[in-house]
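Report on the following structure.
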Amino acid sequence: MTRFAQPTYIAAGLRTPFGRGGGALADHDAITLSVPLVQAMAAKARPDLFIWGTVIPSLGWSNIGREIWLDAKLDPTVPAFSAVLACSTSMVAAFAAAGWLGGDTDLVMVGGAEVMSNPPIGLKLDVSKRIVKLFRENPAGALAALQALGPDDLTLPVKGWANRITGRTMGDHMEETAKIWSIGRAAQDDWALKSHQRAVAGWESGFFDDLVIALPEITRDANPRADTSAEKLASLPAVFDRTSGQGSLTAGNSSPITDGAAACWVATEAGLARLPAGTFHAELVDHEIAAVDHDIDGLLMAPSFAIPRLLARHGLRYDDIALWEIHEAFAAQVLANVAALEKPGWTRDRAGVDFDFGPFPWDRVNPNGGSVAIGHPFAATGARDMSQAVKELWTMPAGSWAVVSVCADGGHGTVALLRRL
């Protein structure tokens, strides 16, 4: 059983190297960082549609998809629009693309970019209204008012992209969830170490070579650390709960501030035929989007609802899935979601799925590292995860299944079910 009327495929795309916040890519914005990537993708094939996103907003554009496409000097007759769903942005762009397939649309380029180094600074609403009114009535007075602005007049990113509803960061929320699920510091550090080791090994083995384009400023991911160790990770202080003495989330077991862009393809069989021979691809069999009440279940726990609902539709147990590509916003987030999946009664009572999924195969998760090591430019992560998963799945026997899961701010989780042909 498939969700779609016709076979639908995800094909691996390209991405930029992911740079550290404040590092090699910090002089870009989301448009200028995307342009060389989109040009490299378009050199492989002309899409029928282009969907792109960014999470951190800017007053400099309204439809970043179209802005990037035209700045890249590509065929202006290709329609382009934008998508956004926090950390799931480029994944939901792929889901949207799948819905567009058919008729004259066989190949869609999707992706996203984030330059977290350059968050915008805005005026608070009452200040903005006052100054806009002044510009209409007294331009000189408006300029004087701008010169007199102070910190209390500005919307500053001092809370690290805090959730607007709660006023708390994702790390603040995840620290609370880690305590609820008894996810300890040692387990988080151990997962973070594995993520770094696997990402470094992936680069050394050449796994990333045909997934990442070189930029003048940087040629490979800056975040994975070959020199990290359990001892170094254990020495880092808690960064979100600094007062109780019980904080467990650190800079080492959390995804770092990162700049980067990533893309992939969504295609019909006819669209696949337009891509270069040997392009890694897999069937997109189904997908699921879940939303939860974060006051009850936690801000980043929606994947534990989406995954069982998706698998149960296809009669699949956890160990039927050969590959799990799970976004690592925090090591604790991966551990907590899987703890929920394995908890007796959870999938029945909370996710509403009465099905025996069996034990979870931890040895099949993120074989080439995840976001804790590679980095998490919000809008780029979904496309990075899907391209990485498709290439990893390509080495497995025909019929092998993969799950790609991304948690997102706002209490969302998006999950894709892929199958190797």
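Quick notes on this structure:
- Meets criteria (more than 29 Å from GLY21 (Cα to Cα), out of contact with any Gly (no Cβ under 8 Å at 6 or more places or on another chain) and either of a type outside the set (S, T, N, Q) or in contact (Cβ under 8 Å) with a residue 24 or more places away in the chain (or both)) for ILE321: yes
- Scanning the stretch 75-84 for residues that are under 18 Å from MET386 (Cβ atoms) and surrounded by fewer than 24 Cβ atoms within 10 Å (Cβ to Cβ) returns a single hit, VAL84.
- Evaluated against (1) within 30 Å of GLN6 (Cα to Cα); (2) in a strand (DSSP E or B); (3) of a type outside the set (Val, Ile, Thr), ASP259 falls short on exactly one condition, (1).
- When the stretch 82-141 is limited to residues that are assigned to a strand (DSSP E or B), among the aliphatic types (A, V, I, L, M) and within 21 Å of GLY271 (Cα to Cα), the one that is farthest from the chain's Cα centre (by Cα) turns out to be LEU107.
- For LEU300, the criteria (1) part of a loop (DSSP other than H, G, I, E, B); (2) hydrophobic (A, V, I, L, M, F, W, C); (3) open to solvent by less than 10 Å² (accessible area, probe 1.4 Å); (4) within 16 Å of VAL390 (Cβ to Cβ) hold in every case but one, which is (4).
- Number of residues in the stretch 204-227 that are free of Cβ contacts under 8 Å to residues at least 40 places away in the same chain and either surrounded by 19 or more Cβ atoms within 10 Å (Cβ to Cβ) or in contact with a strand residue (DSSP E or B) (Cβ under 6 Å, 6 or more places away or on another chain) (or both): the value is 0.
- Residue that is farthest from PHE378 (Cα to Cα), among those in the stretch 33-44 that are touching a residue at least 12 places away in the same chain (Cβ under 8 Å) and open to solvent by 10 Å² or more (accessible area, probe 1.4 Å): LYS44
- The stretch 266-285: number of residues that are among the small types (Gly, Ala, Ser), surrounded by fewer than 18 Cβ atoms within 10 Å (Cβ to Cβ) and outside any loop (DSSP other than H, G, I, E, B): 1
Yes or no, residue by residue, for (1) in contact with a strand residue (DSSP E or B) (Cβ under 8 Å, 6 or more places away or on another chain); (2) open to solvent by less than 70 Å² (accessible area, probe 1.4 Å):
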{"position": "GLN147", "(1), (2)": "no, no"}
{"position": "ASP153", "(1), (2)": "yes, yes"}
{"position": "ILE165", "(1), (2)": "no, no"}
{"position": "ARG168", "(1), (2)": "no, no"}
{"position": "ASP172", "(1), (2)": "no, yes"}
{"position": "LYS179", "(1), (2)": "no, no"}
{"position": "SER182", "(1), (2)": "no, no"}
{"position": "ASP190", "(1), (2)": "no, no"}
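- Filter result (under 18 Å from GLN188 (Cα atoms) and surrounded by 15 or more Cβ atoms within 10 Å (Cβ to Cβ)) within the stretch 343-365: PHE360, PRO361, ARG364, VAL365
- Scanning the stretch 12-63 for residues that are part of a loop (DSSP other than H, G, I, E, B) and not acidic (Asp, Glu) yields a count of 28.
The values are calculated or read from the model by the stated rules, or taken from the named source; none is laboratory data. Not measured: the values here are computed from a predicted model. Virtual Cβ from ideal backbone geometry, glycine too; neighbours counted across all protein chains shown. Side chains are part of the model used for accessible areas, which takes the heavy atoms of the whole protein and leaves out ligands, DNA and RNA. Shrake-Rupley method; radii C 1.70, N 1.55, O 1.52, S 1.80 Å.
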